[in-house]
Amino acid sequence: MIEGVKQQKWWGWGEEGKAYRHEDKPKFAPFVKKMVGVDITLPVKPIRPFSSLEVPASQLSDELRGKLNTVVGGKYVQTDDETRVVHAYGKGVRDLIRVRNGKLGRVPDVVVYPGTQREVELLLAAALEADAVVIPFGGGSNIVASLEAEPGETRQVVSVNMGRLNKLLEIDEESGLAHIEAGVLGPDMEDQLNARGWTMGHHPDSFVWSTLGGWIATRSSGMQSDKYGDIADICRGLTMVMPGQVLTLRPLPSSSSGPSVREMVLGSEGRLGIITSAWVNVHRLPEVRELQAYFFPTYEAGLKACEEIVTSDATVMMARVSDPLETQYIMANGKKSGRVSSLANKAIQKLMLQKGWDLEKIALSFVGFEGSANHVRYEKGLVAKVVKNNGGLGVGKGPGTLYDQKKYDTPYIRDFMLDRGLICDVSDTSTPWAYAAEIHTLILDRFAKAMDDLGVRGLVFCHLSHSYHSGACQYFTFAIADDSDNQEATYDVAKRVIQQSFVDFHGTVSHHHGVGEEHSPWMEEDISPAGVYIQRKLFEGIDPGNNLNPGKIV
Ligand code: FAD
């Protein structure tokens, strides 16, 4: 471990010693038992010790080690087994299943920690001279296999951990722009900005363990994107070290200088070079921040309300609605005395029944407001009208406050479930509004059929997470009860049925998780064969030796 650079645990999400707990949520175990037949209260097998893994030996040559030592200093050139394994994968469920079972693929031979842009330039030159493969590493949080070296890679594999490049360099207060090093993790970045009264407003669920460079390289989207934009909107300029040259894009609000090079770097997943810093839009910290909760009689009514909210004069920071099953999951996952479980309190239920609602079909929505007190009051008024017009019911800000406090703990639940033989993961797409409700129904049907065919119990639920003028992102979470040795194959079936449904029905293969190897098979259907041709030519032109994170995207 390198001082000042945080590292996730090798077998799961986040830091060692932190885990999801169900004991304080009495409705959760019965919910899981009812839905997929698994008793989560039973004791589980402990995670195997790291020492039981057979980690392939590093193939780093003395010559390349010597050069890397000269560039960054010996202590920033790491070849120990645990560091290499942590850098071999992201945090997709397939990654977790494999690493827990000791199925290690092509583990990097070395992890290098540059401290300056110049060091990145020199280490990339040294690696390319040795014809090594170079894979930039941010927080290691991706779920699309965009960090793993190709199986059977015979060249040396160098993982470049960007964690020492973690500083806020400059704020241009007049323009609302900040220049920030690319290896900074979300909380460290926001701490530095907040200390000076600013925020970037980008908060993916993986915020704690993902970096600015990783967000740009995967075209990430945060939960407040309705107000602040996706990273593609937020990132206005950047510096990227490429083979033999450095790309510098000044921050500009907009430009018509030919096809956008900035857009080519966004989503490039390390295939064009290593992003060392970026200029991003920043905003003054808001006076008020508030999340209000609402119920709708159906998911379709909630979708319609979200569409109307984002196309109204209210510029909310978040408009989210969960389908009925996700609503039940959220209510079951609330603490005994917590505000989420109080959502289902008798008075509210009575009101819903009086309105003739079927409680199995209700949809929970959170809408977020930020800005001056006056502005928030005005927006809440507009939203209240839309909610009413769509038959919804406001239940106050208590549940939203709790959601806000706990949102970054949610990722730990995947490890908890996997410990109990439950494979859980997510897939996201975006469609025009015209297809939003139908794609949801289609995916639920196709998923249920796939589980029947497999003879396993599984569930899928969804929420609308990010909205735009012409459509929205829907975010599907699935869980399958399978503690057999076939977990990877079962996961494949579920993942394929969902991804294929996206492209079959007006959706993109991924709204914000990127492509990696996981989504690569659907790229031609997503952007057409000619689109894939353009991307291939771009990668081949910049990287003729195929050294930069080969095998990802297309
Ligand atoms: P890594 O995983 O380290 O790398 C991802 C890719 O980017 C790799 O190809 C890598 O080579 C490349 N890369 C990293 N840094 C650089 C750099 N400096 N220069 C060039 N290439 C680089 N994503 C969202 O957008 N929104 C969410 O809400 C969200 N929630 C998630 C929740 C969970 C539980 C998990 C596991 C993932 C989630 N993700 C989400 C996915 C993931 O966090 C994003 O893809 C994130 O942007 C990855 O950033 P990272 O720093 O961890 O990158």
Note to self: I need the full set of residues from segment 479-493 which are assigned to a strand (DSSP E or B) and either under 20 Å from residue 298 (Cβ atoms) or small (Gly, Ala, Ser) (or both), in order please.
What the structure shows: 479, 481
Check: Can you tell me which of 514, 545 is touching an Asp or Glu at 6+ places or on another chain (Cβ under 8 Å) and within 14 Å of the ligand (Cβ to nearest atom)?
Finding: 514
Note to self: Criterion first (at pLDDT 95 or above, assigned to a strand (DSSP E or B) and either within 11 Å of the ligand (Cβ to nearest atom) or surrounded by fewer than 19 Cβ atoms within 10 Å (Cβ to Cβ) (or both)) does residue 277 satisfy it?
What the structure shows: yes
Check: Cβ-Cβ below 8 Å, separation at least six or inter-chain, first residue in segment 297-317 and under 18 Å from residue 377 (Cα atoms), second among the acidic types (Asp, Glu): which pairs?
Finding: 310/226; 314/379; 315/226; 315/379; 316/226; 316/379; 317/226; 317/370
Checklist line | Subset of segment 159-182 that is within 24 Å of residue 7 (Cα to Cα) and free of Cβ contacts under 8 Å to residues at least 60 places away in the same chain - its residue that is surrounded by the fewest Cβ atoms within 10 Å (Cβ to Cβ) | finding: 167
Check: Is one or more of the residues making up segment 260-267 aliphatic (A, V, I, L, M), outside any helix (DSSP H, G or I) and within 16 Å of the ligand (Cβ to nearest atom)?
Finding: yes
Checklist line | Criterion: within 30 Å of residue 540 (Cβ to Cβ) and either buried (at least 23 other Cβ atoms within 10 Å of the Cβ) or not aliphatic (A, V, I, L, M) (or both) - qualifying residue of 225, 221 | finding: 221
Margin query: Please count how many residues of segment 405-439 are more than 15 Å from residue 12 (Cβ to Cβ) and touching a Lys or Arg at 6+ places or on another chain (Cβ under 8 Å).
Written below: 1
Checklist line | Filtered residues of segment 217-227 (kept if within 7 Å of the ligand (Cβ to nearest atom) and farther than 14 Å from residue 141 by Cβ) | finding: 223
Notebook entry, point to check: When you scan segment 508-530, how many residues do you find that are outside any loop (DSSP other than H, G, I, E, B) and among the β-branched types (Val, Ile, Thr)?
Noted result: 1
Checklist line | Count of segment 207-233 residues which are in contact (Cβ under 8 Å) with a residue 24 or more places away in the chain, in contact with a helix residue (DSSP H, G or I) (Cβ under 8 Å, 6 or more places away or on another chain) and part of a loop (DSSP other than H, G, I, E, B) | finding: 5
Check: What are the residues in segment 182-208 that are on the phi > 0 side of the Ramachandran plot and more than 16 Å from the ligand (Cβ to nearest atom), if any?
Finding: 197
Check: In this structure, does residue 399 turn out to be surrounded by fewer than 20 Cβ atoms within 10 Å (Cβ to Cβ) and either farther than 25 Å from residue 42 by Cβ or of a type in the set (Gly, Ala, Ser) (or both)?
Finding: no
Note to self: Take residues that are within 12 Å of the ligand (Cβ to nearest atom) and touching a strand residue (DSSP E or B) at 6+ places or on another chain (Cβ under 8 Å) and tell me which of the strands (runs of 3 or more DSSP E) falling wholly in segment 79-173 contain 3 or more.
What the structure shows: 133-137, 157-161
Next item on the list: Answer yes or no as to whether residue 38 is of a type outside the set (Lys, Arg) and part of a loop (DSSP other than H, G, I, E, B).
Entry: yes
Checklist line | Any helices (runs of 4 or more DSSP H) falling wholly within segment 384-478 and containing at least 3 residues that are within 16 Å of the ligand (Cβ to nearest atom) | finding: 398-406, 412-419
Check: Name the residues in segment 239-259 that are within 16 Å of the ligand (Cβ to nearest atom) and either in contact with a Lys or Arg (Cβ under 7 Å, 6 or more places away or on another chain) or part of a loop (DSSP other than H, G, I, E, B) (or both), would you?
Finding: 243, 249
Next item on the list: Take the residues in segment 445-479 that are of a type in the set (A, V, I, L, M) and touching a Cys at 6+ places or on another chain (Cβ under 8 Å), then tell me which one is farthest from residue 37 (Cα to Cα).
Entry: 472
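The values are calculated or read from the model by the stated rules, or taken from the named source; none is laboratory data. As the structure is a prediction and not an experimental result, all values here were calculated from the model. Cβ: placed from backbone, ideal geometry, glycine included. Neighbour counts: every protein chain shown.
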